[in-house]
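The values are calculated or read from the model by the stated rules, or taken from the named source; none is laboratory data. Predicted model, so just to flag it, every value in this text is computed and none were measured. Please note: Cβ atoms are built from the backbone with ideal geometry, for glycine as well, and neighbour counts cover all protein chains shown. For accessibility, only protein heavy atoms count, side chains too; no ligands or nucleic acids. Shrake-Rupley method; radii C 1.70, N 1.55, O 1.52, S 1.80 Å.
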Amino acid sequence: MHQKLLHPNWVVAWGSAARSPSATWATPGFAVIGVQPTFSPSQRFVLVGDCCFDRTILLQKQPDAAELSDLAIVAQLWEQWETETLNLIEGQFALAVWDQERQVLCLGRDRVGAKTLYYTTAGTTRWIAPRLRSLNSYHAHDLDPIALRDYLCCAFVPGAQTLWQGVRELRPGSYLRPLDAQPQRYWQPQEQIAHTDRSIDWHAGRVRSLLEERVQQALPVGESVGAFLSGGIDSSCVTAIAARLHDRPVHTFSIHFGDRYPSEIEFANWVAAHCRTSHHILEVSPRQIWQLLPETLAAMDDPVGEGLTVPNLLLARSAKQFVNLVLNGEGGDPCFAGPKNKPMLLNSLYGSAGEDAIAAYLTSFQKCFVDLPRLLKPEVWSAIKDQPFVFTPELEKRETTFLNKLMLLNIEFKGADYILTKVNNLTAAAELKARSPLFDPRMVELSLQIPPEYKLSGAQEKAVLKAAVADVLPDVIINRPKSGMVMSMQQWFLTHWQRQARSLLLNRNAAIAPYLNQSLIRDWLNYRGEVFPRYGLKLWLLVTLETWLQVNRR
């Protein structure tokens, strides 16, 4: 049972012809594969799902539910409130609820997208699963060219689309009822700046109080807890709060790539010593990263084309040797204005407005946006060049301050489609639970109430977060500039991956061959054509895409 919760592998079939010889439970129009469903008290509602939420408030209303599973509590609530139940539960969940009386299926997903939920869009039978990979047998494997374009720009696939034309993802804070309707939002982050007359210290106090509450709620009772520790402010403050609040040992886990390469391990060591954690350091080699990429991508849904995916999986496996639950600092950048927003902020001050806003935003990812006309085959480029980007509506909102526009984009897309998907899928693959206190919905809401000048104060990023934890971390951590995890992708392609990359990307039978210009990729592999190349990052983006396609087409 424990493994099924960590590796949600259920599939639901819906439709007039829905049936499956491998169904574990079925009724006309609805079938469940892989798990036994949970029933509401009257048996009217049949629930399948993956959920974990804070029970504190719910148990005040239903004290007799203490012995029930989270899904059984949702089943009780659904009988009374139906879709309003989604507003009552705070946590991580992806749900499919079958109404036996009305013969209607409803899908629901948590507010920030900690859990995922996918569904096919064609045919008399529709298929639903929390893992995109679980649906591979139930849809055609035609690539969605717009999703391909967006992946090449961002290193992840943003929005409801997936790389498969016939599969969509239910967005965070949404429900879908019935399945052929348009999704409805029950929760959406929005700017609500409040208490502008208060000082930064007052706002920092609110952040600190909520952070302690969220960390406390996540701590496992009677067990050691883990924390991924990079040495940056986000992971460091979560570690420091956990070390103060937990009555059991705190284990911290950090990675580096060997003494020859730059790293932040010195800062992680300082934090671990300051917080008196049991610290574990993992060295990851370029050879491991290449070898384990297929296995890592099999554990993910849509691909994430950045280098830390394999190291994140290895770090999770290392942590599993000591703990069952690990905290992380994900959410600090999107909620409190991390440094990656600076290129866009400078563009807003000194660049052009209007149509150039989306170009500036996509260029800020520093991936393949400017290369699209050359990288995509002419017929592919022609088909998608005028198609809008999912980011445009948010960038065009006039009533939202510019910094919070970026925050909302980061929360809505980077958070759900990249940050949380990566950390939760890869920890689950190691049979480990993950919690992100800085990316809790309540933290998101609070961050959007804080005046923007307290998040980015002059040149200081995350000023209010730093003020909130200044007393629990050494000054060298609070006030150092963020550098991020440095990966020498450029050097590794030259010294370790050149032959393998050529074989993978330039093969005439490569999965990317019908879509991408392999002659340009050959130039990149030969390091030709640009004065200031970022070939390593671009090549890894393509290596990830080709590997993901091969893994999922088998």
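Probing with 1.4 Å while keeping every protein chain in the model, the per residue accessible area of segment 409-453 equals 20 Å². Solvent-accessible area per residue in segment 157-260 equals 42 Å², computed with a 1.4 angstrom probe and all protein chains kept. Dividing the radius of gyration of the alpha carbons in segment 266-338 by their Kirkwood radius gives 1.00 for Rg/Rh.
Two tests apply to each whole DSSP H helix in the chain, Cα reach of 20 Å or more along its axis and mean Kyte-Doolittle hydropathy of at least -1.0, and the ones passing both are 200-218, 535-553. Equivalent-ellipsoid semi-axes for segment 195-267 (Cα gyration tensor, √(5λ), whole Å, largest first): 27, 20, 7. One decimal place: the segment ARG185-GLN498 gains 108.1 nm when fully extended, by the rule 0.36 nm per residue minus the C-alpha distance. The phi torsions of segment 374-380, fed into the Karplus equation with coefficients 6.51, -1.76 and 1.60 and a -60° offset, translate into couplings of 8, 6, 7, 4, x, 5, 6 Hz, rounded to whole numbers, with Gly and Pro shown as x.
Kirkwood hydrodynamic radius of segment 1-155, from the reciprocal of the average inverse Cα-Cα distance over all distinct pairs: 16.6 Å. Cα centroids of segment 276-310 and segment 193-240: 26 Å apart. Taking each residue as 0.36 nm, the span from GLU295 to VAL476 lengthens on full extension beyond its C-alpha to C-alpha distance by 61.4 nm. Once the Cβ-Cβ distance of THR401 and ALA66 is raised to the sixth power relative to R0 = 56 Å, the FRET efficiency obtained is 0.80.
An ellipsoid equivalent to segment 357-477, defined through the eigenvalues of its Cα gyration tensor, has semi-axes of 32, 21, 14 Å when rounded to whole angstrom and sorted largest first. Taking every C-alpha pair closer than 8 Å and separated by at least 6 residues, the mean separation divided by the residue count of the chain gives a relative contact order of 16 percent. Summing +1 for each Lys or Arg and -1 for each Asp or Glu among the other residues whose beta-carbon sits under 13 angstrom from that of PHE93 gives -1.
Here the convex hull built on the C-alpha positions of segment 40-115 has a volume of 81 cubic angstrom per residue.
With the simple model of a label 7 Å out from the Cα in the direction of the Cβ, LEU506 to HIS141 spans 2.5 nm. Kirkwood hydrodynamic radius of the chain, from the reciprocal of the average inverse Cα-Cα distance over all distinct pairs: 24.4 Å. Using the average count of surrounding beta-carbon atoms within 10 Å as a protection proxy, the listed peptides 178-187, 237-246 rank, highest first, as 237-246, 178-187.
All distinct Cα pairs of segment 124-274 go into the 1/r average, and the inverse of that average, the Kirkwood radius, is 20.2 Å. Can you pull the percent of the chain's accessible area that's carbon plus sulfur, 1.4 Å probe, other chains left in place? The computed percentage sits at 49.
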